[in-house]
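S.K.: Provided herewith is a single structure, encoded as structure tokens, for subsequent inquiry.
The values are calculated or read from the model by the stated rules, or taken from the named source; none is laboratory data. Everything numeric in this text was worked out from a predicted model, so none of it was measured. Every residue, glycine as well, gets a Cβ built from its backbone with ideal geometry; the counts of neighbours run over all protein chains shown.
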Amino acid sequence: MYKNHIIKVIIPAYNEEDSVGRVLTDIPDWVDQVILVDNGSTDQTAQVASEHGALVVHEPRRGYGQACLTGIDHLDYCDIVVFLDADYSDFPEEMPLLVAPIADNKTDMVIGSRIANDASSKVLTTTQRFGNSLACFLMKCFWRSQFTDLGPFRAIRFHSLKRIKMEDRNFGWTIEMQIKALRAKLRVMEIPVSYRQRIGYSKISGTLKGMFSAGTIILWTIAKQIVNPTRFYHSKKNKLIIFSRYPLPGQAKTRMIPKLGNAGAAHLQRQLTEYTINSISPLLNSEDLNIEVQYHGGDHRKLQQWLGADIDYQQQSPGDLGHKLHQAFLQSFEQGHQNIIIIGTDCTDLNAIHITKAINALEQKDVVIGPSHDGGYWLIGMRRPLNLFKQMRWGTNSVFPDTINQLNQQKIEYDLLEELSDIDTPEDLVKTPPNIKTNKIYLSIIIPTLNEERFIRRAIDSARHPGTEIIVVDGNSQDKTVEIAASSGAKVIKTMANRAMQMNAGASIAQGHVLLFLHADTLIQSDNYFENIFDTFSNPNIVGGAFSFKTTVNSIGMQLLEWTVKFRSKVSQLPYGDQALFVRKDLFITMGGFPEVDLGEDYYFIQKLKEQGKLCHLPINAITSARKWENQGLIKTTLSNIIALIGFKLGVSNKFLYKLTKQFES
């Protein structure tokens, strides 16, 4: 380890038994691992390398670049990768010259230049000097580089190496790396290094064929990057990653489920995430900060609908929290970001100022942590990839002290932000801000009744679901409706026999975040209707909706009626009461509820609701009793509805329309 950085060396080798031992002997002791890639040697190269402590990897496919790519594939984790030839022409003991500028965060890649060292340049053959000069001249013309050499002795940050996606499998490897580094806007520099005559003969400069082949490959590599350049994501310097979970009942904020139930816990997750996004919203348009939500559950489309299009979205990596964090950091460094910060959505004290402080801290230190009162942390940031999360006891109060111990043991400089609180357990709910609602009831189902003893029990049973309450509002029934509703577990209240007044009365005592208005003779034909409603309201643009209309009669006439209602609901956004209307409670209250008229309260309400946002038609059947159509006849009932609808649109008196439609019932 060099200056608390893990250093690994890759050496491609082909028939270098006479030199490789010396190379390995001269490599500094602080190098953490040496990987020698044996490129099909027919001598004892592999054996000598193994005896000198190198990890030997066999790659039978010939090619300098192929050997380097194979070496990269065998890297598990490191900060800096050094490439070194096995022929002893370079001086391995000069490795600190290449590694130090990267470790000190002055650059991302260092090329050891033999040309910049007068003594070394004289060792190069005329052909090597000409080839270097031509290649560097072309790079200067097309990419404004200041390179003087294509020297193979070089060092690069591991995440920068992964980012530039090396591909060349032959002698175009070195110039491909330099061109891609320029195109990816990496910080690059050259350092003069010593050079000597290699041991043995060169496979390139030692033969005319080798020189011609290598020169052709190098020029072809330049041409490919000019004609069809590699595209890179030019990232902002700083990146904020928000770890969150798409709110699904039973899968979000699971430690809150004993207190809030599946839906209440998931709704809390939804609110906390929205609260966090709003808290850091002043940073959304920052010129030097990329904001990304890394999520579990849901998909990109749902996340974008929920939280907006101004944020990037990425699924979390599989594995435990430590692996997810580690991969998030690595991926972001590979994208070219320099300062990476990760937060969760459980800290309601967090704001944009804390993020700015964390970014400023990373200008001076390798790590920044925001500790939480429960022994974890609400923020962690890095300016270089570090593996701090192995064998961490997540969910315990030892996470923060264990992380600090690792930092101290590895002598990594860090900064601490102020201690804040997380909302993790039921005991933490007292810390939630007033605008975050925490209760077990998510959906209040309101059923107005008047002499519905034949239907009410089945309606209640079809709607019963964890996370709901059922409120029956009776309009002075003269049968056993009230007794049956109460025995079925519903909360029963009484009011005047006016459906709009009854539904408004039910809404006034409802505890849920969402209201669903169900007719007493209507059954919900779905076991997962609740989850569908919950998921629907993850889209803030949706203000309400309804189910699909269906009756208990399956005649051709009724099928035609059902199709007409479906068209009206989906296309014209005009669902009515028989379809089980649902709406956000806060919006319902703001709108003043249903107009307390004798006829068409649902029509008037839906017309106003459409002005507030989008309505959702869920493909769940609300099966309504066909008694009205059976008693009055399909044509007569349909004609009555059409007359009422025309009257509503023309502004005809509601009392007159009520009397008119009553005549159809007689």
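S.K.: Assigned to a helix (DSSP H, G or I), buried (at least 23 other Cβ atoms within 10 Å of the Cβ), polar (S, T, N, Q) and touching a helix residue (DSSP H, G or I) at 6+ places or on another chain (Cβ under 8 Å) - does that describe any residue in the range 29-43?
M.R.: No, there is no match, as no residue in the range 29-43 is assigned to a helix (DSSP H, G or I), buried (at least 23 other Cβ atoms within 10 Å of the Cβ), polar (S, T, N, Q) and touching a helix residue (DSSP H, G or I) at 6+ places or on another chain (Cβ under 8 Å).
S.K.: Can you tell me which residue in the range 545-584 is modelled with the lowest pLDDT, limited to those that are aromatic (Phe, Trp, Tyr) and buried (at least 17 other Cβ atoms within 10 Å of the Cβ)?
M.R.: To start, the set of residues in the range 545-584 that are aromatic (Phe, Trp, Tyr) comprises 547, 549, 563, 567, 576, 582.
Narrowing further to those that are buried (at least 17 other Cβ atoms within 10 Å of the Cβ): 547, 549, 576, 582.
Values: PHE547: 92, PHE549: 86, TYR576: 74, PHE582: 96.
Filtering first and then ranking leaves TYR576.
S.K.: Same structure, new question: State whether the residues of the range 309-320 include one that is surrounded by 22 or more Cβ atoms within 10 Å (Cβ to Cβ), on the phi < 0 side of the Ramachandran plot, among the polar types (S, T, N, Q) and not in a helix (DSSP H, G or I).
M.R.: Among the residues of the range 309-320, not one is surrounded by 22 or more Cβ atoms within 10 Å (Cβ to Cβ), on the phi < 0 side of the Ramachandran plot, among the polar types (S, T, N, Q) and not in a helix (DSSP H, G or I), which makes the answer no.
S.K.: What number goes with the only condition from (1) over 41 Å from the mean Cα position of the chain (by Cα); (2) part of a strand (DSSP E or B) that GLY545 does not pass?
M.R.: Of everything listed in (1) over 41 Å from the mean Cα position of the chain (by Cα); (2) part of a strand (DSSP E or B), GLY545 misses just condition (1).
S.K.: Right, here's the next one. ILE446 is checked against (1) outside any loop (DSSP other than H, G, I, E, B); (2) over 28 Å from LEU516 (Cβ atoms); (3) of a type in the set (Val, Ile, Thr) and fails just one. What number does that condition carry?
M.R.: Single failed check for ILE446: (2).
S.K.: Of all residues in the range 493-532, count the ones that are over 27 Å from ARG627 (Cβ atoms), among the β-branched types (Val, Ile, Thr) and not in a strand (DSSP E or B).
M.R.: Residues meeting the conditions: 1.
S.K.: Filter the range 178-198 down to the residues that are surrounded by fewer than 23 Cβ atoms within 10 Å (Cβ to Cβ), within 24 Å of ILE217 (Cβ to Cβ) and of a type in the set (A, V, I, L, M, F, W, C), then identify the one that is modelled with the lowest pLDDT.
M.R.: ALA184
S.K.: A further question on this structure: Does HIS519 fit the bill of being within 28 Å of the chain's Cα centre (by Cα), more than 16 Å from HIS617 (Cβ to Cβ) and not aromatic (Phe, Trp, Tyr)? Write out each step before concluding.
M.R.: Numbers: within 28 Å of the chain's Cα centre (by Cα): no; more than 16 Å from HIS617 (Cβ to Cβ): yes; not aromatic (Phe, Trp, Tyr): yes.
No, not satisfied.
Residue by residue, here is whether (1) in the same structural domain as LEU150 (by TED's automatic domain parsing); (2) buried (at least 19 other Cβ atoms within 10 Å of the Cβ); (3) touching a strand residue (DSSP E or B) at 6+ places or on another chain (Cβ under 9 Å); (4) at pLDDT 85 or above holds:
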{"site": "TYR88", "(1), (2), (3), (4)": "yes, yes, no, yes"}
{"site": "ASP104", "(1), (2), (3), (4)": "yes, no, no, yes"}
{"site": "ALA119", "(1), (2), (3), (4)": "yes, no, no, no"}
{"site": "LEU124", "(1), (2), (3), (4)": "yes, yes, no, no"}
{"site": "THR127", "(1), (2), (3), (4)": "yes, no, no, no"}
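Yes or no, residue by residue, for (1) basic (Lys, Arg); (2) at pLDDT 90 or above:
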residue	(1), (2)
GLY319	no, no
ALA328	no, yes
ARG384	yes, no
TRP394	no, no
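S.K.: Does the range 250-266 hold any residues that are under 19 Å from the mean Cα position of the chain (by Cα) and buried (at least 20 other Cβ atoms within 10 Å of the Cβ), and which are they?
M.R.: Those that are under 19 Å from the mean Cα position of the chain (by Cα) and buried (at least 20 other Cβ atoms within 10 Å of the Cβ): ALA252, LYS253, ALA266.
S.K.: Now for a separate question. Can you name the number of the only condition in (1) assigned by TED's automatic domain parsing to the domain that holds SER508; (2) among the acidic types (Asp, Glu); (3) in contact with a strand residue (DSSP E or B) (Cβ under 7 Å, 6 or more places away or on another chain); (4) not in a strand (DSSP E or B) that GLU469 fails?
M.R.: (4)
S.K.: Please tell me if GLY592 is surrounded by fewer than 15 Cβ atoms within 10 Å (Cβ to Cβ), farther than 19 Å from LEU516 by Cα and outside the structural domain of ASN654 (by TED's automatic domain parsing). Spell out how you get there, then give the answer.
M.R.: On the way: surrounded by fewer than 15 Cβ atoms within 10 Å (Cβ to Cβ): yes; farther than 19 Å from LEU516 by Cα: no; outside the structural domain of ASN654 (by TED's automatic domain parsing): yes.
Considered against the rule, which asks whether it is surrounded by fewer than 15 Cβ atoms within 10 Å (Cβ to Cβ), farther than 19 Å from LEU516 by Cα and outside the structural domain of ASN654 (by TED's automatic domain parsing), GLY592 comes out as no.
S.K.: Which residue out of THR468, THR425 is β-branched (Val, Ile, Thr), within 34 Å of the chain's Cα centre (by Cα) and buried (at least 18 other Cβ atoms within 10 Å of the Cβ)?
M.R.: THR468
S.K.: Could you tell me whether ASN621 is under 35 Å from the mean Cα position of the chain (by Cα), surrounded by fewer than 21 Cβ atoms within 10 Å (Cβ to Cβ) and either hydroxyl-bearing (Ser, Thr, Tyr) or assigned to a strand (DSSP E or B) (or both)? Outline the logic, then answer.
M.R.: Details: under 35 Å from the mean Cα position of the chain (by Cα): yes; surrounded by fewer than 21 Cβ atoms within 10 Å (Cβ to Cβ): yes; either hydroxyl-bearing (Ser, Thr, Tyr) or assigned to a strand (DSSP E or B) (or both): yes.
Yes.
S.K.: Evaluate the range 349-363: report whether one residue or more is within 20 Å of HIS267 (Cα to Cα) and either over 21 Å from the mean Cα position of the chain (by Cα) or surrounded by fewer than 22 Cβ atoms within 10 Å (Cβ to Cβ) (or both).
M.R.: yes
S.K.: So which pairs qualify, if the first residue must be in the range 346-359 and closer than 13 Å to HIS373 by Cα, the second must be β-branched (Val, Ile, Thr), the Cβ gap must be under 6 Å, and the two must be at least 6 apart or on different chains?
M.R.: ASP346/ILE423
S.K.: Right, another one. Just a yes or no: is a residue in the range 471-485 in contact (Cβ under 8 Å) with a residue 40 or more places away in the chain and more than 23 Å from ILE589 (Cβ to Cβ)?
M.R.: No, there is no match, as no residue in the range 471-485 is in contact (Cβ under 8 Å) with a residue 40 or more places away in the chain and more than 23 Å from ILE589 (Cβ to Cβ).
S.K.: Next question, about the same structure. Looking only at the range 420-429, decide whether some residue is in contact with a Gly (Cβ under 9 Å, 6 or more places away or on another chain), within 24 Å of PHE534 (Cβ to Cβ) and modelled with pLDDT of 95 or more.
M.R.: no
S.K.: Name the residue that is nearest to the chain's Cα centre (by Cα), counting only residues in the range 595-615 that are surrounded by fewer than 20 Cβ atoms within 10 Å (Cβ to Cβ) and assigned to a helix (DSSP H, G or I). Show your work before the answer.
M.R.: Let us first name the residues in the range 595-615 that are surrounded by fewer than 20 Cβ atoms within 10 Å (Cβ to Cβ), namely 595-598, 603-604, 607-608, 610-614.
Those left that are additionally assigned to a helix (DSSP H, G or I): 603-604, 607-608, 610.
Working: TYR603: 40, TYR604: 41, GLN607: 37, LYS608: 36, LYS610: 32 Å.
The selected residue is LYS610.
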